[in-house]
There are 2 protein chains.
Amino acid sequence: MPVLLAKESDVDVLVIGAGPAGLMAASSLAKAGVNVRIIDQRPNKVAAGQADGLQPRTLEVFQSYGLLHHFEEQGNQLHMVAFYNPSSKGGVERTGRVQAINASTARYPFEITLHQGAIEAIFLDFLASFGVQVERPVIPTSMQLSADEKELKDPQSHPVKVTLQNLDAKSGQPDTEIVHAKYVIGADGAHSWVRKALGISMEGEQSDYIWGVLDMVPETDFPDIRNKSAIHSNNGSCMVIPREGDKIRLYIQLTDTDAVNPLTGRVDKEKMSAEKLLQVAKKSFYPYTIQPKEVEWWTIYGIGQRVASKFSANERVFIAGDACHTHSPKGGQGMNASMIDTHNLTWKIAHVLRGWADMSLLKTYEYERRKYAQDLIYFDKTFSALFSEKPASEENQGGVTHEQFLEAFLSFGLFTSGIGIHYAPSAIVNTKHQSHASNLIIGQRILPSVFIRAADARPFEIQDLIPSDARFKVLVFAGDITEVSQMRRLRVLGEKLGKPEHFYNKFGGKEPSAAFDLITISSSKKEQVDATDFPEVFRPHLNNILLDDEDMHARVAKGTGYDTYGIDRARGAVVVVRPDGYVGMVAPFEDVADIDQYFSSFMTV
Amino acid sequence: MPVLLAKESDVDVLVIGAGPAGLMAASSLAKAGVNVRIIDQRPNKVAAGQADGLQPRTLEVFQSYGLLHHFEEQGNQLHMVAFYNPSSKGGVERTGRVQAINASTARYPFEITLHQGAIEAIFLDFLASFGVQVERPVIPTSMQLSADEKELKDPQSHPVKVTLQNLDAKSGQPDTEIVHAKYVIGADGAHSWVRKALGISMEGEQSDYIWGVLDMVPETDFPDIRNKSAIHSNNGSCMVIPREGDKIRLYIQLTDTDAVNPLTGRVDKEKMSAEKLLQVAKKSFYPYTIQPKEVEWWTIYGIGQRVASKFSANERVFIAGDACHTHSPKGGQGMNASMIDTHNLTWKIAHVLRGWADMSLLKTYEYERRKYAQDLIYFDKTFSALFSEKPASEENQGGVTHEQFLEAFLSFGLFTSGIGIHYAPSAIVNTKHQSHASNLIIGQRILPSVFIRAADARPFEIQDLIPSDARFKVLVFAGDITEVSQMRRLRVLGEKLGKPEHFYNKFGGKEPSAAFDLITISSSKKEQVDATDFPEVFRPHLNNILLDDEDMHARVAKGTGYDTYGIDRARGAVVVVRPDGYVGMVAPFEDVADIDQYFSSFMTV
């Protein structure tokens, strides 16, 4: 047989795995103009089942990529949660209903459910719009990271050598390719090949809880079949997750007898069937009846709660998503955690590849996302235990009460919605001047607020003006420029911005507006000022001047943005927003030097 | 030479002209499943210039076809209007700014501007999604309407014979086709061939005002360049219409000397140029300066204000859009009037073609739209005169003052936004029970209002639940069903709806929900009732039950819909909404016989 030489090629970023984490990674990088490839071992995209809950912060992130409308068109919205507990008459009864999202600042105060295949399809289309296709079925067979210190320190080197094998090669022989990558993202799921190749361990343990999942279109008299419903019965717990169309998902608590193979002691899908799952569920639903019109998908699983010991090797190979954290699906967190992982990582890689930032920036990925993953496991353990335990009743006084469960549900609301996610101080989270924007928590995502454009009084949600375009946003809250003294302060700030020793020109180069998006928001009213009144440096485009004022019908812009943010209406402040939408720092006009220092700590000239 | 026999074919509806009126006609018919063809004499779609203002009601109609998001993505929004008048210092100064839309119930309180080519492209894509392409360049060369009474009375006959000629035929010979159509819509513009072929006259006259139009990207210090601005100067009037991107349109008042050929006494484009138009405009702008970065398109026109004497021949051939009304473009009405013409017509044709309605329904098109066209001419005459006359000044005390102009602008607000359009009583507008929904004016479009879905507390704008799908909507405002007496009334109503002698079954046939969309809206609160509490006839789907209650965060649904509509919260009412979104009739529960009579007057069993 002839010796076939493998193809060799270079790529800036190789993404391994085209699930939610991988698709977000590749999409985000492609949108940022990064040379990226993405491979997946599956010959086709997911058709049914798997993860399907999209939380409010994830929706905000989707919107920042211009994709939310697809999810709104196709998905189901969850606004209400119902709780059912044992009734004195036998069976269960409704003990309360509350809002599904307990996070008052969420721009979208609901969860969207949609099957994973549809979610992936939206991202595949988005990727295709940048000319990137998922290569499949392709697997990595070996990966070597250079040990050469010099090579590893050069952000433009290709120190990762990955051998890929195309499983679909026509000749009967696998088609092999050697890829030299600058960076690799392993988004290859709970059984991550990349993680194993790096020898990274998972920390944590398997719990005793076993659950079944059943996707179906039901026929039922259960009044909350279109609400997220937590049924805590004496015959096991069950959770209802309504989905697109008339579909629902049931999470059904199982016992060892139901699901464990006594010989192996392990969860055994062979012991179960859709019919058996349904029999268990029916007991929880009693006195309500439920019957599938159509069963779409089912599975069973044991809950493992684990976090990877590290999230990268030398900031050259990263793992993300299920590859670095596994937990119960009932909290509706998995896909969200996975996508926000790579949303957090990709702008950092883009900055390094563009030569804008030092490689040290990449260390903040593990720092920020591993802490989050640990919080996620804590939530999952607490919540799973509460939901898996027996409900309180006359016979079981020590069981979980409606009040206990409700309190846990509400208190985790900020976390589970993703809205409360808070990155700790680091090179890119500087809390020094927090008091100058007291409600805009540094390290959290920027609060939604509607302002009007000075030039045409059109209202805009600020989140829509700072899209995920891999650039830092510098929001100059200009204060009230009808005050002469404030206008003077603003002019001084403008002069500094124009000087080469300060960040805007120092790191922005010849065209600072390519690296930084400078948006100016005044507390003056539209009757008082025109966009043309602002110094030129603040309006690279006339549209960059906003006012914290009511729109012409006072419907969506209320003129309360400064108050929402806790910024002084007279004196203003500068707010730096990271490319992923999180507040990076705040500074009064006079402390431009602190902003210089913030950027100096990771940006390169 | 051989004799070529022309192709012959049948079609249900032939639309002649693929401008806004024609595209809306074909799109709407195609969406309703009607067999439709559309031809246009232009070899390509419009690339620049022409109409570009989309008014609030038009935006609501676009949304009802699911198209608004395209316009929001691509178009510019006008929220503010600025008025400039002569300054005592010479030149002009700003005398006031107000909201661009003076129609408090408008769902979208702004105007969208976008060039006609982009607007047409959106409709061409929409049409293509139903498999319909505009055939071009194709012209009609002859049209004959059968004189056979029997044929004309048969709604399924093909009494219109149109000869079409394909101007792009390859053989060197024009490709001729004879089309036998059930109905023809002439949407072929101000010089309509169809209108002339029918011998329909235009009534009205040419005014003395001559205007220039200039589309460009400006460089200017004019502070309202991104607002609709009416500049009333001593050197002529000028109107600024900001458009997508950084483009603007200027309407520039001209004198006879500027624009009329003294030999012919007619407006002569040869006398003008973009440069000359700009010279005139600059005088109006003084002391502000304006200079084009780029000129996109320009033209000049004299204003003719005319309405066709009739809008149809035997309800078999209709004319619509500019073919039946011409007027000044400055009011931003033309495209809107044209598209709403065919939006009004198409559901009626669809009903007749489906065998659901009598041909007499088609008479309401001329009745409703000719009255509207006359109102439009009245507005245009008044507004054009005010804007074309000299402004008041020391020397010209009798001129138009800022206050006069502003008052006219505001008082026409309901009309120009399209929101106030009111169809007079007819077979499809029955005002008998107006008092039962005192604020929901019968003959006007249904007021926007947000309700929540009983099954999942998700808020919905009612306009989004009654799309333009060529079906009547029956909104049952169920009142407060927690009151036993009201629940009894509702049950009685439900029983009637289930009986064959009443409209729902009588005209709805075996599957009434195919002909009528039945939506039930209760004033009871989500804490009090479940969707499953309503009698089955009211929930062909669980989602058809709404509540007039706050959403879970009280953000968009306020629970004030009954009050907005002037409907009694305890006792409710039935509201019939026409397929085009206009309120057709209202009735108390006990007067189902009146609803029967309403539908009997034009529907067939």
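Quick notes on this one:
- Inter-site label distance for B:Thr560 and A:Asp256 at 7 Å from Cα along Cβ, in nm: 6.0
- Cα long-axis angle, helix A:484-497 against chain A (0 to 90 degrees, to the nearest 10): 80
- The residue in chain A that lies nearest, by its beta carbon, to the axis linking chain A with chain B is given here with the distance in whole angstrom as A:His69, 3.
- Linear extension gain, A:Arg354 paired with A:Glu294, 0.36 nm per residue minus alpha-carbon span: 16.5 nm
- Here the mean projected area of the convex hull built on the C-alpha positions of segment B:372-480 is 11.0 nm².
- Backbone N within segment A:307-331 under 20 Å of label point (7 Å from A:Ser601 Cα along the Cβ vector): A:315
- Sorted from nearest, the other copies put their A:Ser426 label points 6.6 nm away, the label point being 7 Å from Cα in the direction of Cβ.
- Residue separation of A:Glu536 and A:Ser146 scaled by 0.36 nm, minus their Cα-Cα distance, works out to 135.5 nm of gained length.
- Surface share of carbon and sulfur [accessible, 1.4 angstrom probe, percent] for chain A: 49
- For the listed peptides B:201-214, A:498-511, B:183-196, a ranking on the average number of other beta carbons within 10 Å per residue, highest first, reads B:183-196, B:201-214, A:498-511.
- Kirkwood-based Rg to Rh ratio, chain A, C-alpha trace: 1.00
- 1.4 Å probe, heavy atoms, protein only - residues of segment B:200-233 losing at least 50 Å² accessible area vs chain alone: B:Pro223, B:Arg226
- Efficiency of FRET between A:Tyr367 and B:Ala190 - r from beta-carbon atoms, R0 56 angstrom, step 0.05: 0.25
- Projected area, mean over directions - segment B:436-499, Cα convex hull, nm²: 6.0
- Over segment A:279-344: Rg over Rh, Cα atoms, Kirkwood Rh: 1.18
- Whole-Å semi-axes of the ellipsoid equivalent to segment B:230-276 (Cα gyration tensor, √5λ, descending): 25, 14, 7
- Ellipsoid semi-axes in whole angstrom, largest first, where each is sqrt(5λ) of the Cα gyration tensor of segment B:317-437: 37, 17, 9
- Given charges at beta-carbon only (K, R positive; D, E negative), |dipole| of segment A:434-600 in Debye: 160
- Remark: segment A:391-403, residue by residue, has Karplus-estimated 3J(HN,Hα) of x, 5, 7, 4, 6, 10, 5, x, x, 7, 8, 3, 5 Hz, where x stands for each Gly or Pro and the curve is 6.51 cos²θ - 1.76 cosθ + 1.60 at θ = phi - 60°.
- For A:Ser207, distant residues with modelled amide H under 5 Å away: A:Ile303, A:Gly304, A:Gln305
- Derived scalar couplings between HN and Hα for segment B:358-375 equal 6, 4, 4, 4, 5, 5, 5, 4, 4, 4, 7, 8, 6, 4, 4, 4, 5, 4 Hz in order, rounded to whole Hz, by the Karplus curve 6.51 cos²θ - 1.76 cosθ + 1.60 (θ = phi - 60°), x for Gly and Pro.
- Each Lys and Arg contributes +1 and each Asp and Glu -1, all at the Cβ; summed about the Cα centre of the protein assembly as shown, the dipole is approximately 300 debye.
- Dimensions of segment B:342-382 from C-alpha coordinates, computed as largest minus smallest value along each principal axis and given longest first, are 43, 16, 7 Å.
- Label 7 Å beyond Cα on the Cβ vector: A:Thr264 copy-to-copy distances, nm: 9.0
- Size of the A/B contact, given as accessible area buried on both chains, probe 1.4 Å, in Å²: 3100
- Accessible area expressed per residue, chain A, with surrounding protein chains retained (probe 1.4 Å, Å²): 38
- For segment A:284-292, 3J(HN,Hα) per residue [Karplus equation, 6.51 cos²θ - 1.76 cosθ + 1.60, θ = phi - 60°, Hz, x = Gly/Pro]: 5, 6, 3, x, 7, 10, 9, 8, x
- Student exercise, segment A:319-407 dipole from Lys, Arg, Asp, Glu Cβ charges, in Debye to nearest 20: 580
- Label geometry 7 Å along the beta-carbon vector: B:Lys196 inter-copy distances in nm: 7.9
- Remark: mean inter-chain Cβ contacts per residue of B:454-464 equal 4, using a 10 Å Cβ-Cβ cutoff to other protein chain atoms.
- Cα pair distances in segment A:1-108, grouped into 5 Å bins until the bin that holds the longest one, percent each: 2, 8, 12, 14, 14, 12, 9, 8, 6, 4, 3, 2, 2, 1, 1, 0
- Principal axis dimensions, segment B:179-286 - Cα atoms, whole angstrom, descending: 58, 40, 23
- Other-chain or far-sequence residues with amide H under 5 Å of B:Gly91's (modelled H): none
- Charge tally in the Cβ shell below 13 Å around B:Val46, where Lys, Arg are +1 and Asp, Glu are -1, B:Val46 excluded: -2
- Its residue count N sets the reference 2.2 N^0.38 Å, and the alpha-carbon radius of gyration of the protein assembly as shown equals 1.02 times that reference.
- Taking the DSSP beta bridges with both ends in segment A:434-600, the antiparallel portion is around 60 percent.
- Rounded to whole Å, the principal axis extents of the Cα atoms in segment B:434-600 read 43, 33, 28, largest first.
- Value of relative contact order over chain A, rounded to a whole percent, pairs C-alpha under 8 Å and six or more apart: 15
- Share antiparallel - DSSP beta bridges, the protein assembly as shown, percent rounded to 5: 70
The values are calculated or read from the model by the stated rules, or taken from the named source; none is laboratory data. From a predicted model like this one, the values you see are computed outputs, not experimental measurements. Note that we place each Cβ from the backbone using ideal geometry, even for glycine, and neighbour counts take in every protein chain shown. These accessible areas exclude ligands, DNA and RNA; they are computed on the full protein's heavy atoms, side chains included. Shrake-Rupley method; radii C 1.70, N 1.55, O 1.52, S 1.80 Å.
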